[in-house]
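Throughout, read-outs are computed from the coordinates displayed, never taken from laboratory work. Treat the numbers as computed from the prediction; the structure is a model and nothing was measured. All Cβ positions, glycine included, derive from the backbone under ideal geometry; neighbour counts span all protein chains shown.
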Amino acid sequence: MPLIALGVNHQTAPVDVRERVAVGDAQLPATLRSLLAVPGVEEAALLSTCNRTELYAHLDNGAAPDLIGWMAQQHGIDRHALATYTYQHHEAEAARHLFRVATGLDSLVLGEPQILGQVKAAWQSARGAGSLRTPLDRLFQHGFQVAKRVRTDTRIGAHPVSVAYAGVRLVRQVFAELDRATVLLIGAGDTIELAAKHLVNADAKRLLIANRTLEHAQALASRVGGYALALSETARHLPEADVVISATAAREPVLRAATVREALKARRQRPMFLLDLAVPRDIEAAVADLPDAYLYTVDDLEQVISENKASRQMAAEQAEVIIELAVEHYMAWWRAQDRQDSLRALRRSAERAKALALERARERLASGEPAEAVMARLAHQLTNQLLHSPSTALRQAAIEGDSSLLAAAARLFPDPDATPPGTPPERG
């Protein structure tokens with residue numbers, strides 16, 4: 001039962017590549033159906049966040065589908081160009097990768113807590129789409145158990161740092177006078193809510209919260225003491241914003257360069273700091289070319305986040321030990337399933353041989369052939385059918401000198417006339 005993890009992340013691909021392969025919630029069921037239609041793919045799950053898009057698949061034995069080619073075709077990207085940004089992990093390495101992702105060890109922010117919820121959402125989506133069976137389902141559940149144990153047994157979650165926190169830290173480094181700043185937040189999800197809370201703690205003067213669903217913006221504004229706007233009102237209020245932080249699930253930019261250009265004219269050369277935490281990006285890349293506009297994306301947070309890594313490194317090393325043990329346990333279960341599959345295949349083969357032999361025996365009895373002759377023939381034919389494949393394999397093993405198969409056969413089919421080991425000699 002081959003297992004594979006394949007994808008791109010913040011370590012292997014820039015944001016302009018990650019946004020092209022990102023899969024939104026609305027597209028997820030159709031994308032999973034497309035993936036399951038690839039010959040050789042038995043079950044699959046997709047994880048897509050601002051920092052990664054990954055697929056996890058259980059393949060038929062012997063299958064080698066071109067999953068990079070599938071991803072490239074799915075998103076309209078040249079296969080060879082995409083291949084330079086992708087990574088692949090197989091079997092135990094694939095399990096280890098998922099466990100590291102779920103615990104935050106593979107995150108931009110080491111140990112960040114949001115990724116576990118995103119992995120759970122990916123698992124639930126795959127379950128809802130009917131694309132999971134036992135092997136992958138068990139893999140994800142192992143991952144959740146590992147993440148819980150790492151959070152409990154190490155200090156990886158002490159003083160948690162999120163992308164939102166790192167973003168606000170960057171804002172404070174570039175825009176020192178937050179207590180005099182108006183901040184426009186676009187979106188109303190978890191990332192924007194965390195950013196809003198950090199901004200409140202940093203004494204930001206005024207928060208404007210714009211969202212496509214006004215009720216969500218109003219609910220968040222009431223929790224953080226901000227002012228709610230409909231997304232359609234963004235352009236009218238944009239000149240007021242000294243800082244813009246955006247994180248929506250939109251597939252296209254919600255803030256265009258033309259809109260920002262007009263806002264900057266109204267601001268009369270007062271600079272505007274813009275932080276785009278979304279993938280696909282919310283703010284058109286051309287904004288970076290505008291005078292007095294300072295545009296940053298999630299890829300610009302590395303320097304801020306590196307300060308956090310040193311303090312968590314010991315906890316990360318402890319987490320790796322927990323993960324290794326979990327990988328061993330999962331792969332032991334996986335190998336047991338392989339053996340179960342072999343046993344089931346052997347039993348199915350024997351049952352087919354039995355059914356065929358019985359059918360022929362009944363036909364002979366019905367034609368008047370003596371019962372004793374029919375029984376002898378039945379025993380002879382059934383024995384030959386059951387022993388044909390093993391005998392052929394053992395003859396070939398003897399020719400090729402395959403001692404491991406011959407030794408296994410000796411254990412499986414002991415000579416009934418041989419003296420069992422340890423049997424005392426007969427006394428005369």
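A few comments on the model shown:
- q = 0.06, 0.07, 0.08 Å⁻¹, the chain: log10 I(q)/I(0) [Debye, one scatterer per Cα]: -0.40, -0.50, -0.60
- Given their separation in residues at 0.36 nm each and the Cα-Cα distance between them, Gln313 and Arg395 gain 23.9 nm when the chain is fully extended.
- Efficiency of FRET from Cβ geometry, Ala30 and His237, R₀ 41 Å, rounded to 0.05: 0.70
- GNM remark for the chain: springs join alpha carbons under 10 Å apart, and the peak mean-square fluctuation among Gln173, Gln337, Gln381 falls on Gln381.
- Under a model in which nothing but the beta-carbon of Lys, Arg (+1) and Asp, Glu (-1) is charged, the stretch 8-62 shows a dipole of about 160 debye around its Cα centre.
- Using a Förster distance of 45 Å, the FRET efficiency for Asp66-Ser367 (Cβ separation, nearest 0.05): 0.20
- For Arg256, Arg236, Arg96, order by how many other beta-carbon atoms lie within 10 Å, fewest first: Arg236, Arg256, Arg96
- Distance between the stretch 176-229 and the stretch 1-71 - C-alpha centres, whole angstrom: 34
- A protection proxy built from the mean count of other Cβ atoms within 10 Å ranks the segments 239-251, 291-303, most packed first, as 239-251, 291-303.
- Taking amide H atoms as placed 1.01 Å from N in the peptide plane, the amide H of Leu274 lies under 5 Å from those of Val244, Tyr294, Leu295, Tyr296, each 5 or more residues away in sequence or on another chain.
- Computed E for Gln385/Ala219 - FRET, C-beta separation, R0 60 angstrom, nearest 0.05: 0.30
- For the stretch 18-50, the residues whose amide N sits under 19 Å from a probe point set 7 Å from the Cα of Ala81 along the beta carbon direction are 18-23.
- In terms of surrounding Cβ atoms within a 10 Å radius of their Cβ, Arg364, Arg281 rank from fewest to most as Arg364, Arg281.
- Inverting the pair-averaged 1/r between distinct Cα atoms of the stretch 1-73 gives 12.6 Å as its Kirkwood hydrodynamic radius.
- In this simple spin-label approximation, Gln88 and Glu302 carry label points 7 Å from Cα along the Cα→Cβ vector, and these lie 2.6 nm apart.
- For Leu36, net neighbour charge (Lys/Arg +1, Asp/Glu -1) across residues whose Cβ lies under 9 Å away: -1
- Alpha carbon Rg of the stretch 163-301, scaled by the compact-globule rule 2.2 N^0.38 Å: 0.92
- Rounded to the nearest 20, the size of the Cβ-charge dipole of the chain about its Cα centre is 780 debye, with Lys and Arg at +1 and Asp and Glu at -1.
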